[in-house]
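**Student:** I have a structure I would like to understand better, so I am pasting it below and will then ask my questions one at a time.
All of the numbers you see were taken from the coordinates with simple rules; none came from a lab. Bear in mind that the values here come from a model prediction, so they are computed numbers and not experimental data. Cβ: placed from backbone, ideal geometry, glycine included. Neighbour counts: every protein chain shown.
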Amino acid sequence: MDAHYLWLVVLVLAAVAYLTRRRWEPWLAGRGIDVRSIPWRWYLLGYPATVIRMRLTWRQTCLLNDLSISPRGNRGVLGGLVVQGSALRQIPPRLGLPRPTRGGLVVRIGLHAGQTPSPFYRAVDALAHAWAVYGVRVSSPERGYVVLTVTARDPLAGAATEETERAQPPRLLVARVGRLESGGGWLIDFRMVAHWLVVGATRSGKSTWLGALLVALAGQPVALVGIDCKGGLELSPWLPRLSALAINRKQARSLLDALATELDKRMAVCRIAGVRNIWELSDDERPVPLVLVVDEIAELYLSDGSREARDEVTACSVLLLRLAQLGAALGLHLVVAGQRFGAELGPGVTALRAQLSGRIAHRVNDPTTAEMALGDMAPDAVDAAQMITEHEQGVAITTIGGRWLRARSHMVTTDEARAIAAQHADLRPDFPALVSATAEGIEAE
Ligand SMILES: Nc1ncnc2c1ncn2[C@@H]1O[C@H](COP(=O)(O)OP(=O)(O)O)[C@@H](O)[C@H]1O
Ligand SMILES: [Mg+2]
């Protein structure tokens, strides 16, 4: 039997399963699997239709996009001359058995000897059109093969607000902020990537992203600290859950100072215990993790040219860099959001950016911002960030595990933020030193 018709068997089995679902749904639900969240339409109709379309168009698409080879080479002898051209008989590479995923499929293609994956990278648009799918992504994890990851429909269309999607992941310092185009949850794991940089034009969704992050962290035993130098407009709804909030540069400076002192204390604790980071401490010795959220970072670097302002900017910049360098081991995590984050902002920005290894780029106005955020990691992600439209607020490109993905954050309204902050206010760890640092900032004004 042709392996490609295996799906027929799958289809029959799936239909039987669907018709008898009342019998086994409760059984699965008891094991934590929600049957209604399974995309049946895709598995039963979309997937087989796409496989047929792939099979029917494969030869032609390969021929038109130079994915086929001719076994006899492209040269021939014509009347005593060697001429170069396209051979009549061409053989397309071998299309493997497509494996369905929740929102698309994955197929492996065997290359001919002498072929490289590069023509496949160029042919992704042609393949997506030929197969009537949303997108095709090429990778080559294994020599001699390319793997095509096909996404059937834009999984990020429509805001992600469903309660089930927001279910808290169980682990500390892992936040579910939205969903990925691959269908899974968009998880920010601070234990894997300590610090994050979020860029995007105005109204592209940066602050909402921070809100989604705070929603996810609010229920965890984590101290949340904010710096929002646009007068606290974005972060003030979170006040009940924040251990401290700085709303201008003066406050920010003393807050950063207090955080640096806190890190020094933690360093001493680790040194005395003879461990290299707070995670090696015993549970009762371990200090609570801190997440410092900075919105509109550029405000921190803007100065009116006065000496005092310049000193403040330099102090903030040096402190931020120090917190980033020591934070990963001592349980302080930085999340920095801004429209741009380039060297033109001021001294130390490039060094700080290098420390913020998690990157998220919303819609950007200029290629340099996208390059700054994503370019050093994935050149093609830069194009993808520039293709996000104004209508796709909350959509962003992020790098995960060395590759890039499109993702969309959960929509969080101000009212929701206020409600969730109040609901979890009792989880707020008290840091008197941080509070008095921002209060001193207010008095000094
Ligand atoms: N994930 C999202 N889903 C749907 N709409 C969003 C999302 N993120 C942002 N928006 C919309 O975009 C608007 C601007 O977002 P905001 O986070 O304030 O942008 P920024 O901070 O980048 O200026 C929000 O008021 C909201 O209407
Ligand atoms: Mg904003």
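**Student:** Where a Cα-Cα gap under 27 Å defines reach, which lysines qualify for residue 265, not counting those fewer than 8 residues away within the same chain?
**Tutor:** Reachable lysines: 250.
**Student:** Under 18 Å Cα to Cα from residue 230, which aspartates and glutamates show up? Leave out anything in the same chain fewer than 8 places away.
**Tutor:** 295, 296, 299, 304, 312, 445
**Student:** Region 47-110 to region 296-339: how many Å between their Cα centroids?
**Tutor:** So the separation of the two Cα centres works out to 54 Å.
**Student:** Could you identify which residue out of 295, 383, 34 has the top mean-square fluctuation in a GNM of the chain using Cα springs shorter than 10 Å?
**Tutor:** Most flexible of the set in this elastic network: 34.
**Student:** Given R₀ = 35 Å, FRET efficiency for residue 72-residue 343 by Cβ-Cβ distance, to 0.05? Display every interim value, and only then the final one.
**Tutor:** Numbers: r = 55 Å, r/R0 = 1.57.
Step by step, r from the Cβ atoms, then E = 0.05.
**Student:** Could you grab the Rg to Rh ratio for the chain? Cα atoms only, Kirkwood for Rh. Don't skip to the answer; put the middle values down first.
**Tutor:** Numbers: Rg = 26.5 Å, Rh = 24.9 Å.
Across the chain, the Cα-based Rg/Rh ratio is 1.07.
**Student:** Give the relative contact order (percent, whole number) for region 163-444; include only Cα pairs under 8 Å separated by 6+ residues. Don't skip to the end; give the middle numbers.
**Tutor:** Numbers: 559 pairs, mean separation 84.6, N = 282.
Relative contact order comes out at 30 percent.
**Student:** Could you calculate the FRET efficiency of residue 376 with residue 325 from 1/(1 + (r/R0)^6), where r is the beta carbon distance between them and R0 is 25 Å, rounded to 0.05? Walk me through the numbers before you get to the answer.
**Tutor:** Numbers: r = 18 Å, r/R0 = 0.74.
That gives a FRET efficiency of 0.85.
**Student:** Could I ask something else about it? Mind ranking 215-224, 272-281 by how tightly packed they are, going by the mean number of other C-beta atoms within 10 angstrom, highest first?
**Tutor:** Most protected by this proxy first, the peptides run 215-224, 272-281.
**Student:** Would you compute, from DSSP H runs of 4+ residues alone, the mean residue ellipticity of the chain at 222 nm, taking -39500 (n - 2.57) per run and dividing by the full residue count, rounded to the nearest 500? Walk me through the numbers before you get to the answer.
**Tutor:** Working: 14 runs with 161 residues, N = 445.
After summing the helix terms and dividing by residue count, I get -11000 deg cm²/dmol.
**Student:** Full extension from residue 285 to residue 435: what is 0.36 nm times the residue separation minus their Cα-Cα distance, to one decimal in nm?
**Tutor:** Numbers: separation 150, 0.36 × 150 = 54.00 nm, distance 2.28 nm.
Full extension of this stretch gives 51.7 nm more.
**Student:** Sorted by average packing, counted as other Cβ atoms within 10 angstrom per residue and highest first, what order do 365-373, 135-143, 333-341 take? It would help to have the intermediate numbers written out before the result.
**Tutor:** On the way: 365-373: 19.3, 135-143: 14.8, 333-341: 22.7.
Most protected by this proxy first, the peptides run 333-341, 365-373, 135-143.
**Student:** Here's something else I'd like to know. For the chain, take the longest principal axis of its alpha carbons; what is the angle in degrees between that and the long axis of helix 432-444, to the nearest 10 within 0 to 90?
**Tutor:** On a 0 to 90 degree scale, this one is about 70.
**Student:** Same structure, new question: When DSSP assigns beta bridges and you keep just the ones with both residues in the chain, what percent turn out antiparallel, to the nearest 5? Mind showing how you got there, number by number?
**Tutor:** Working: 37 of 61 bridges.
Once the DSSP bridges in the chain are tallied, antiparallel ones form about 60 percent.
**Student:** By how many degrees, between 0 and 90 and to the nearest 10, does the Cα long axis of helix 206-218 differ from the longest principal axis of the chain?
**Tutor:** Its long axis makes an angle of about 70 degrees.
**Student:** Pick out, from 268, 235, 103, the residue whose Cα sits farthest towards the positive end of the charge dipole of the chain, with +1 on the Cβ of Lys and Arg and -1 on the Cβ of Asp and Glu.
**Tutor:** Most positive-ward Cα: 103.
**Student:** Moving on to the next point. How much length would be gained if the chain were fully extended between residue 391 and residue 38, taking 0.36 nm per residue of separation minus their Cα-Cα distance, in nm to one decimal?
**Tutor:** Details: separation 353, 0.36 × 353 = 127.08 nm, distance 2.75 nm.
Gain on extension, residue 391 to residue 38, equals 124.3 nm.
**Student:** Going by C-beta contacts inside 10 Å, put 238, 27 in order with the fewest on the left.
**Tutor:** Working: 238 26, 27 10.
Fewest-to-most ranking of 238, 27: 27, 238.
**Student:** Oh, and also: Could you tell me how many degrees, from 0 to 90 and to the nearest 10, lie between the Cα long axis of helix 47-64 and the main elongation axis, the longest principal axis, of the Cα atoms of the chain?
**Tutor:** 70 degrees
**Student:** Moving on. What's the local net charge at residue 130, with K and R +1, D and E -1, over the other residues with C-beta under 12 Å away?
**Tutor:** Details: positive: 53, 55, 59; negative: 125.
The answer is +2.
**Student:** Suppose R0 equals 56 Å; then what is the FRET efficiency for residue 19 and residue 307 from their Cβ-Cβ distance, rounded to the nearest 0.05?
**Tutor:** On the way: r = 78 Å, r/R0 = 1.39.
Calculated transfer efficiency: 0.10.
**Student:** Place a point 7 Å from the Cα of residue 53 along the Cα-to-Cβ direction; which residues of region 142-156 have their backbone N under 14 Å from it?
**Tutor:** What the label zone holds, given the 14 Å backbone N cut-off, is 150-154.
**Student:** Could you pull the Rg and Dmax for region 202-320, using just the Cα atoms, both in Å?
**Tutor:** So, for region 202-320, Rg and Dmax equal 16.1, 48 Å respectively.
**Student:** If each of residue 350 and residue 97 carries a label point 7 Å out from its Cα toward its Cβ, how far apart are those two points in nm?
**Tutor:** Simple spin-label model gives 5.3 nm for this pair.
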